[in-house]
Every structure is written in structure tokens, then in C-alpha cells.
Ligand code: TRP
């Protein structure tokens with residue numbers, strides 16, 4: 001390769017792009033409903049705990065690995081740990097592909113809900129009405145599949161724009177907008193009668209509800225929400241220049257992601273309790289409950305449209321990081337041309353994503369291992385493949401190429417270097433394996 005590797009335009013640009021990868025459907029769509037399924041407060045604590053310990057360790061390891069190797073996961077593992085380790089890079093590429101198949105389906109839902117919001121279909125509905133609109137929409141054999149395709153087309157447009165002009169530009173302007181809108185919605189939601197029950201459910205931990213399943217979900221969600229364990233941060237790190245500060249960047253990304261998840265919880269769960277929705281309603285929770293709050297706001301129809309548009313953007317900035325791992329593998333390792341690879345990858349994701357989409361309707365009785373196709377893909381990727389990738393990454397840096405990470409840490413903080421060494425060598429691999437083994 002003769003061309004210089006693309007780089008981020010600025011330090012802020014990188015943080016925003018990495019935060020853009022992290023913040024997405026995970027925080028706003030997934031977090032409220034798995035917190036709802038897992039008893040609220042205790043889950044939040046576990047999630048924050050995992051993010052700041054194992055999450056921080058694996059994120060630093062990924063960024064350092066990518067920056068040192070200047071390659072995606074397959075090449076980076078091969079270069080720094082040896083040929084056999086490239087296997088974990090391939091696993092990462094596969095994981096990214098599998099996540100994309102259902103992520104894009106939910107991305108399509110946001111598009112569908114944008115359309116519904118504009119046309120006023122979501123206004124003035126009762127609780128049952130909102131439930132019916134959602135169930136009717138996702139069980140339709142055609143529409144969600146069409147929107148899933150449209151979502152992928154949007155991804156293609158951004159990825160083809162290249163690293164800097166595409167990803168960075170979007171993140172810089174629209175992510176702050178999303179935060180502002182969420183804060184506004186929280187204020188309104190908290191004023192609803194009964195909202196405080198939701199706040200209590202979300203913030204007051206009830207450890208009686210914690211099972212091993214809860215712990216696995218929290219660990220899996222920490223990986224999923226921080227985009228860790230499959231090489232997305234290795235790839236983003238590979239576009240990072242040698243001056244950038246890893247530790248503060250990683251802390252920013254994790255802090256923003258936790259803030260976003262907390263905001264999403266505070267936005268959705270009070271509405272759930274105020275209107276008597278079921279907190280364990282599953283993947284539809286945000287889609288079912290949020291339109292209810294817009295009915296209580298002036299120009300609710302337009303704010304609702306704006307909200308789903310910003311959610312779409314947040315989903316896009318995340319999904320492009322998943323697609324980028326898959327496409328840059330074919331570009332870096334096989335010398336394919338970006339345009340063709342992107343087209344082919346999106347096409348394959350489209351076809352594969354039809355199955356999880358149909359698993360809400362036509363194929364709802366197909367239940368391999370007792371889960372719907374959608375649930376199975378989500379469970380296996382978040383709770384198994386990403387943590388396994390996390391073990392590989394921390395072992396690789398902790399044992400096989402420690403100097404690579406040590407060199408990139410600030411010299412004035414020797415305790416941090418020691419802590420990370422112990423973290424990469426022992427704590428992360430053992431804790432993750434412990435959780436996984438207990439779960440199986
Ligand atoms: N973190 C994103 C979200 O919460 C999803 C995501 C993007 C992701 N890239 C990833 C998950 C890489 C795992 C690995 O919406």
C-alpha cells in the first residue's frame with residue numbers, strides 16, 4: 001500500500017467518531033428494555049461497573065493495538081501476536097457482520113417510525129393503540145424488510161464518503177443535537193404523574209433481582225454499547241495519529257456512552273410507569289412508549305419526527321463502524337476496491353437480515369435454541385462473541401505485546417500502567433471467562 005492511511009481530522013473529531021460508534025441504538029433502543037427486563041437499578045450499577053473496569057481496559061487495548069499496527073483486527077492480530085491469532089480477527093469480522101444483520105433491522109424501524117411520525121399515525125393513540133401500531137409494523141412481511149434495505153443504502157452513502165468527510169462530519173453536528181432533545185424529553189417525562197415510580201425503578205438498585213443472567217446481560221451490554229470485542233475500536237484506532245491521548249479519549253467515550261444510557265433510561269422508564277406500559281415489553285419498549293410523551297408536547301408530531309431522525313443518525317454512526325470493520329478487512333487484506341466491497345457487503349447483510357426481520361411475523365415460530373432468530377443473533381453476538389473477543393484482545397496485549405500498550409500510556413501516571421497491566425493480564429480475561437462459564 002502506497003497511499004498514506006486515512007486519519008482523523010482532529011482530536012475532537014476522533015472522540016466524536018468513537019462516541020458516535022458507541023452511542024446508537026444500544027443506548028436508546030436496547031438499554032431501556034434490558035434494564036426493564038433485568039430489574040432496573042441493579043442492572044444499571046452492574047453496567048456502569050463493567051464499563052469502567054473491563055470496558056476501559058479492553059477499549060485501551062483495542063485503540064493501542066489498532067494504532068500500533070495501523071491495520072484492522074485481522075492484520076493487527078497477525079502483526080502483533082502471530083499468525084494463529086488472526087483467527088480472532090476473523091471472528092471479529094464475522095461478529096460485526098452478524099450484529100449488522102439485526103442492527104440494520106432496528107435501524108429500519110427508526111426509518112419506519114420517522115415516516116409514521118410525519119404522517120401523524122402516532123398521534124393521539126392510547127397505550128393499546130401504540131402497542132398495536134408497533135406489533136402491526138414489525139410483523140408485516142414487507143415493510144420492515146424494505147426499511148432495512150433503505151437503512152443499508154444510507155450506510156453505503158456514508159461509508160463511500162470515506163472516513164473523514166463522511167463519519168466525522170455527521171458526528172460533529174448531530175450527536176449534540178440528540179443529547180439536547182433527550183434532555184428536553186426527560187424534563188417533560190418527569191412532570192407526568194406517576195413518573196417518579198419509573199425513576200425509582202431505574203435508579204434504586206434491588207439486588208434481590210440480580211441473577212447470573214443479569215450479570216451476563218450487563219457484561220454483554222457493556223461490550224455492545226461501547227463497540228468493543230470485535231475490532232471496531234481497533235479499526236478506529238488505526239486511523240489515529242501518534243499524538244492523540246488514548247486514556248482521556250477512552251474515558252470521554254465511555255463517559256458519554258454511560259451518560260447517554262442513563263438519559264435514555266430516564267426518558268423511557270418514567271413514561272413506562274406513568275402510562276402503565278410493561279417495563280419488560282422487550283425490543284419494542286422505546287418505540288412503543290416514546291410516542292406517548294410527544295402527545296404531551298406542543299408540536300409533538302414534529303418533535304417526534306425530529307427524535308426518530310436523530311435516532312436514525314445515531315444508529316447510522318454506529319452501524320458504519322460495524323460495516324467499516326467488514327469492508328476494511330476486504331480492502332486491507334485482499335486489496336479490493338472500496339466501492340465494490342461496500343456494495344457487496346451491504347447486499348449480503350441485506351439478504352441475511354431478512355431472517356431476523358421476519359422473525360417478528362412470518363417466522364415467529366422458528367425458534368432455534370428456544371429463541372427467535374432475532375433474539376438468538378443478539379444473544380450470541382453480545383453475550384458470547386464480543387466477550388470472547390474481549391478476552392483475546394486483553395490477552396494479546398497483556399501477555400504477547402505488552403510494550404505496544406505500555407509505550408502509548410502517559411508516563412506521568414505509572415500506577416495506571418501497572419493497573420492496566422494487571423487488568424489486561426488477569427482481571428479482564430478471568431472475570432470475563434468467569435461470567436461466561438457461569439452462564440453456560
Ligand atoms: N455500540 C453501538 C450501539 O450501542 C453498536 C455498535 C457499533 C457495536 N459498533 C459496534 C457493537 C461494534 C459491538 C461492536 O448502538
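Mind ranking 280-287, 178-185 by how tightly packed they are, going by the mean number of other C-beta atoms within 10 angstrom, highest first?
Values: 280-287: 20.5, 178-185: 16.8.
In decreasing order of mean packing, 280-287, 178-185 become 280-287, 178-185.
Tell me the label-point distance for the pair residue 118, residue 366, using the 7 Å Cα-to-Cβ offset, in nm and rounded to one decimal.
Reported label-point gap for residue 118 and residue 366 is 3.2 nm.
Treat each spin label as a single point 7 Å out from the Cα along the C-beta direction, and report the residue 440 to residue 127 distance in nm.
Computed distance between label sites residue 440 and residue 127 equals 4.1 nm.
Hey, what number do you get for the chain at 222 nm if only DSSP H runs of n ≥ 4 count, each worth -39500 (n - 2.57), divided across all residues, to the nearest 500? Kindly include the intermediate steps, with their values, before the conclusion.
Working: 21 runs with 308 residues, N = 440.
So the helix-based figure for the chain works out to -23000 deg cm²/dmol.
Using 0.36 nm per residue of separation minus the Cα-Cα distance, give me the extension gain between residue 299 and residue 351 in nm, one decimal.
So the chain would gain 14.9 nm between residue 299 and residue 351.
Pick out which of 154, 122, 240 has the largest mean-square fluctuation in a Gaussian network model of the chain, springs linking Cα atoms closer than 10 Å.
Ranking 154, 122, 240 by mean-square fluctuation puts 154 first.
Please build a GNM for the chain, connecting alpha carbons under 10 Å apart, and tell me which residue among 82, 66, 39 fluctuates the most.
82
Cα centroids of segment 70-127 and segment 31-53: how far apart, whole angstrom?
21 Å
Considering only 134, 102, 50, give the residue with the highest GNM mean-square fluctuation for the chain, with springs between Cα atoms whenever their separation is below 10 Å.
Of the options given, 134 has the highest mean-square fluctuation.
Hey, how many Å between the Cα centroid of segment 415-436 and the Cα centroid of segment 6-28?
25 Å
Taking a point 7 angstrom from the Cα of residue 334 along the C-beta vector, which residues in segment 83-98 have backbone N less than 15 Å away?
Within reach of a label on residue 334, which here means backbone N under 15 Å from a point 7 Å along Cα→Cβ, segment 83-98 contributes 90-91, 93-94, 97.
Please give the length that would be gained between residue 187 and residue 142 if that part of the chain were fully extended, namely 0.36 nm times their separation in residues minus their C-alpha to C-alpha distance (nm, one decimal).
Full extension from residue 187 to residue 142 adds 12.5 nm.
What is the distance in Å between the Cα centres of segment 250-323 and segment 327-350?
Their Cα centres are 31 Å away from one another.
Sort the following peptides by mean Cβ neighbour count (other Cβ atoms within 10 Å, averaged over residues), highest first: 84-94, 323-333.
Numbers: 84-94: 19.5, 323-333: 23.5.
Put in order of decreasing packing, that is 323-333, 84-94.
With the crude spin-label approximation of a point 7 Å out along Cα→Cβ, what separation in nm comes out for residue 160 versus residue 45?
5.1 nm
What is the gain in length, in nm to one decimal, between residue 169 and residue 417 on full extension, counting 0.36 nm per residue of separation less the C-alpha to C-alpha distance?
85.9 nm
Using all C-alpha to C-alpha distances in the chain, build P(r) with 20 Å bins and read off the rounded percent in each one.
The percentages, shortest bin first, are 27, 59, 13, 0.
Since every read-out is calculated from the coordinates, none of them should be taken as a lab result. Here the structure is a predicted model, which means the values were calculated and not measured. Cβ atoms come from the backbone with ideal geometry, glycine included; neighbour counts cover every protein chain shown.
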